[in-house]
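Everything below concerns the one structure shown next.
The values are calculated or read from the model by the stated rules, or taken from the named source; none is laboratory data. This one's a predicted model, so the numbers in the text were calculated from it and none came from an experiment. With ideal geometry, Cβ positions are generated from the backbone for all residues, glycine too; neighbour counts draw on all protein chains shown.
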Amino acid sequence: MFQIIKKFTSKIWKSIFRKRDNLKIGFYGPPNAGKTSLANKICKDWTGEDIGQVSAIPHETRNVQIKEQVKIEHNGKELTFKIIDTPGIATKIDYENFLKFGMKRGSAKKRAKQATQGIIEAIQWLDDMDAVIVVLDATQNPYSQVNITIIGNLVARKIPVLIAANKTDLKHADIKKVESAFPEYSVVGISAKEGHNMEEFYESLFTLAKKI
């Protein structure tokens, strides 16, 4: 009997540690909030490689991008996980919005179609996430329909969440407003572009992993 219990307990512990070493962490948020910029910063810091391209044009990321085995170390602790960078979530995509950036009509329509498909793919991936980092633009209104939709989907699935209030290097960034909008979640202010406050972000990431 003792051997059976010992064997069963060993399997449980191996399962736990295996999960800890293969966490799937998704990056979600509205378009141009800085999801890929943050994912790139993390990957560059710990793997020396980017995960994707960034652009001022919305919906630059239109497919889920994955970086396997990203291992980070912080204050003597280690965490290995898979980064899943997802397309920006939007409640409506109009190809005419892309024309403002100098895109031709045909290219704009193609981009809008790809972006719509990317959103569907991103939502489907939610069911496979161990935790999610919601990246928000700290200069924008956090009470938007898109943000509420994203958070609502995460609440329904009981997925642990960390909110990264990005673009704190910009004049109108307001972290307090993001914190007030989502008081039930941890919020860390960062600038993915400038690399500001990444130490606190990594500490928050380890705290998020403990909730899984």
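For the reader, a short list of remarks on this structure follows.
- Considering only residues in segment 138-155 that are out of contact with any Pro (no Cβ under 7 Å at 6 or more places or on another chain) and crowded, with 18+ Cβ neighbours inside 10 Å, the one that is farthest from HIS196 (Cα to Cα) turns out to be LEU154.
- Those residues of segment 50-77 which are over 21 Å from ALA192 (Cα atoms) and either within 21 Å of the chain's Cα centre (by Cα) or basic (Lys, Arg) (or both), in sequence order: LYS77
- Taking segment 170-196 as the range and being under 22 Å from TRP46 (Cβ atoms) and either of a type in the set (Val, Ile, Thr) or crowded, with 16+ Cβ neighbours inside 10 Å (or both) as the test, the residues that pass are VAL188, GLY189, ILE190, SER191, ALA192, LYS193, HIS196.
Rundown of residues vs (1) at pLDDT 90 or above; (2) closer than 15 Å to TYR28 by Cβ, yes/no style:
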site: LYS100; (1), (2): no, no
site: GLU121; (1), (2): yes, yes
site: GLN140; (1), (2): yes, no
site: ILE150; (1), (2): yes, yes
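- Any hit, segment 122-133, residues being crowded, with 17+ Cβ neighbours inside 10 Å and touching a His at 6+ places or on another chain (Cβ under 9 Å): no
- Residues of segment 43-62 that are in a loop (DSSP other than H, G, I, E, B) and either among the β-branched types (Val, Ile, Thr) or exposed (fewer than 14 other Cβ atoms within 10 Å of the Cβ) (or both): THR47, GLY48, GLU49, ILE51, GLN53, VAL54, SER55, ALA56, ILE57, THR61.
- Selection from segment 190-202 of residues that are part of a helix (DSSP H, G or I) and either under 26 Å from LEU126 (Cα atoms) or in contact with a helix residue (DSSP H, G or I) (Cβ under 9 Å, 6 or more places away or on another chain) (or both): MET198, GLU200, PHE201, TYR202
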